[in-house]
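Here is the structure we will look at, set down as structure tokens.
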Amino acid sequence: VENSSAMSAQNLSNVLWAYGALSVAPSEAVLDAWLEQFELISNSFSWQQLANSVWALARLSVCPRHTFWSRWFKQAEQLNCTGLNAQHFSMALWSLAKLEIQPSVDFVTAFEQRFERTSSLFESQHLANIVWAFARLELCFPERCAELWTERFLARVADCSAQQLSNIIWSFGKLGMHPPERMLAAWYDAFDREQHSMQPIGLSSSIYAFARLGLRPEEEFLDLWFMLAETSVASWNSQELSNSMWALAKLEVFPHDEFLELWTGAFEAQLSSSSVQHIANVIWSYGKLGVVPLPAHLDACIEALSARLSITAFDEVDGVLWALSQLKLRGWTASATQLAPVIATFRQQRAYALNRPALSDALRILNVSA
């Protein structure tokens with residue numbers, strides 16, 4: 001802190017990078033001193049120093065004040081592409097996305113221009129970072145960049161790790177970009193190669209991406225996906241479980257009994273940490289698939305949902321009422337007491353409910369008046 005005013009750009013970036021690499025958050029005094037010196041000498045930072053600094057902040061989940069970002073972007077734009085390489089840009093873009101900082105228009109334009117000229121220099125990690133960042137920030141991936149990105153992916157797919165593969169397909173799903181056939185074929189092969197390294201988040205995000213795209217995966221992939229999921233599903237968290245079941249329902253992929261038994265047990269164990277959306281998505285999935293789980297499991301889901309509902313949960317209430325009506329048609333019965341909290345929330349939304357004619361059949365089946 002005492003010597004911060006004498007520090008150069010290289011010193012500053014090295015210090016912050018070290019904190020990030022060690023995953024040790026600097027004290028408030030150290031961070032304040034670092035930021036003050038950065039604001040004074042930001043115009044002497046190189047691209048590598050800018051990238052290293054923002055990477056460290058992202059690793060530490062530290063989002064500095066507005067003045068830092070205005071000076072950071074100003075220097076990035078001033079440098080334009082001078083000294084910029086694939087690693088610097090992918091690190092910077094990944095970091096901005098991790099901290100949920102929207103890049104400036106000039107920054108994105110600089111990326112497009114640089115990528116079009118140097119895409120052949122980007123490695124698998126760079127490619128995964130870039131498309132993930134665009135998806136996380138909900139930025140439109142330029143058509144020409146997407147074409148070049150795909151060509152480079154095909155050239156480097158042999159180097160892709162399991163995490164990179166799952167991040168890539170998740171990003172395409174989030175962006176609503178359908179992978180070209182050649183890319184998808186290469187992705188399937190790489191997934192098969194990296195199957196033993198796939199983590200729960202990778203399995204969940206992969207099937208979720210296909211559902212977002214409305215693209216039913218190949219049967220060989222689904223067989224492998226179920227096999228891998230069965231061996232690890234007990235360790236999945238609530239979001240991974242909810243997203244995967246929602247995806248299967250969206251794709252109309254019917255899970256077999258052994259998987260369902262393992263999956264429902266895992267989800268029940270996570271109910272205490274599940275959000276309204278997670279539980280509602282699961283109940284919706286049962287209705288969509290026409291799967292009537294064991295009464296005790298469905299009762300537990302409804303009870304957990306009822307304890308968390310709020311008047312603002314429009315979509316969740318819609319989905320749950322529709323799903324329960326479908327399950328009732330397949331033999332499930334529920335007491336008025338069980339449904340009371342869901343119905344009460346629906347009635348509180350009455351002004352909004354009047355504009356939801358699609359619910360009329362569900363309410364009729366459940367013997368509920370609007």
> For the stretch 1-91, what is the accessible area per residue in Å² when the probe is 1.4 Å?
Replying inline: 50
> Once a ≥ b ≥ c are taken as the square roots of the eigenvalues of the Cα gyration tensor of the stretch 11-63, is the result rounded (a/c under 1.5), prolate (a/b larger than b/c) or oblate (a/b not larger than b/c)?
Replying inline: oblate
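Ignoring ligands, DNA and RNA, what accessible area per residue does the stretch 99-216 give at 1.4 Å, in Å²?
45
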>> Cut-off 10 angstrom, C-alpha nodes, Gaussian network model of the chain. Which of Cys140, Cys160, Cys301 fluctuates the most?
In response: Cys140
> Convex hull over the alpha-carbon atoms of the chain: what's its volume per residue in Å³?
Replying inline: 164
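How much net charge surrounds Trp149 when only other residues with a Cβ under 12 Å from its Cβ are counted (Lys, Arg +1; Asp, Glu -1)?
With Lys, Arg at +1 and Asp, Glu at -1, the net is -2.
So, for the stretch 221-281, what is the accessible surface per residue at a probe of 1.4 Å, expressed in square angstrom?
Values: 2600 Å² over 61 residues.
Normalised by residue count, the accessible surface of the stretch 221-281 is 43 Å².
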> Does the stretch 279-333 come out rounded, prolate or oblate, given a ≥ b ≥ c as the square roots of the eigenvalues of its C-alpha gyration tensor, rounded meaning a/c under 1.5 and, failing that, prolate meaning a/b above b/c?
Replying inline: oblate
> What does the charge add up to near Ala211, with Lys and Arg as +1, Asp and Glu as -1, over the other residues with Cβ less than 12 Å from its Cβ?
Replying inline: +4
> Quick one: helix 66-79 against the long Cα principal axis of the chain, what's the angle to the nearest 10°, folded into 0 to 90?
Replying inline: 60
> Ratio of the stretch 61-183's C-alpha Rg to 2.2 N^0.38 Å, to two decimals?
Replying inline: 1.03
> For the stretch 44-90, what does the alpha-carbon gyration tensor say about shape, rounded, prolate or oblate, given a ≥ b ≥ c as the root eigenvalues, a/c under 1.5 as rounded, and a/b over b/c as prolate?
Replying inline: oblate
>> Please report the equivalent ellipsoid semi-axes of the stretch 229-343, computed as sqrt(5 x eigenvalue) of the Cα gyration tensor, largest first, in whole Å.
In response: 21, 16, 13
>> Taking the 0 to 90 degree range and rounding to the nearest ten, how far is the long axis of helix 181-193 tilted relative to the main principal axis of the chain, both from C-alpha atoms?
In response: 90
> How much net charge surrounds Leu137 when only the other residues with a Cβ under 12 Å from the Cβ of Leu137 are counted, with Lys and Arg +1 and Asp and Glu -1?
Replying inline: +1
>> Starting from the 7 Å offset along Cα-to-Cβ, what nm value, one decimal, do you get for the label separation of Leu22 and Leu139?
In response: 3.2
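Ignoring any ligand, DNA or RNA, what whole percent of the accessible area of the chain comes from carbon and sulfur when the probe is 1.4 angstrom?
50
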> Once the Cα atoms of helix 162-175 and of the chain are each reduced to a long axis, what angle between those two axes, in degrees from 0 to 90 to the nearest 10, is obtained?
Replying inline: 70
>> Just to be sure I follow: if Rg is taken over the C-alpha atoms of the stretch 150-251 and Rh is the Kirkwood radius over the same atoms, what is Rg/Rh?
In response: 0.93
> Label points 7 Å out from Cα along the Cβ direction at Ala155 and Ala344: separation in nm?
Replying inline: 6.3
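The values are calculated or read from the model by the stated rules, or taken from the named source; none is laboratory data. For clarity, every value in this text was computed on a predicted model and none was experimentally measured. As a convention, Cβ positions derive from the backbone with ideal geometry for all residues, glycine included, and neighbour counts pool all protein chains shown. Note: accessible area is taken over every heavy atom of the protein model, side chains too, but ligands, DNA and RNA are not part of it. Shrake-Rupley method; radii C 1.70, N 1.55, O 1.52, S 1.80 Å.
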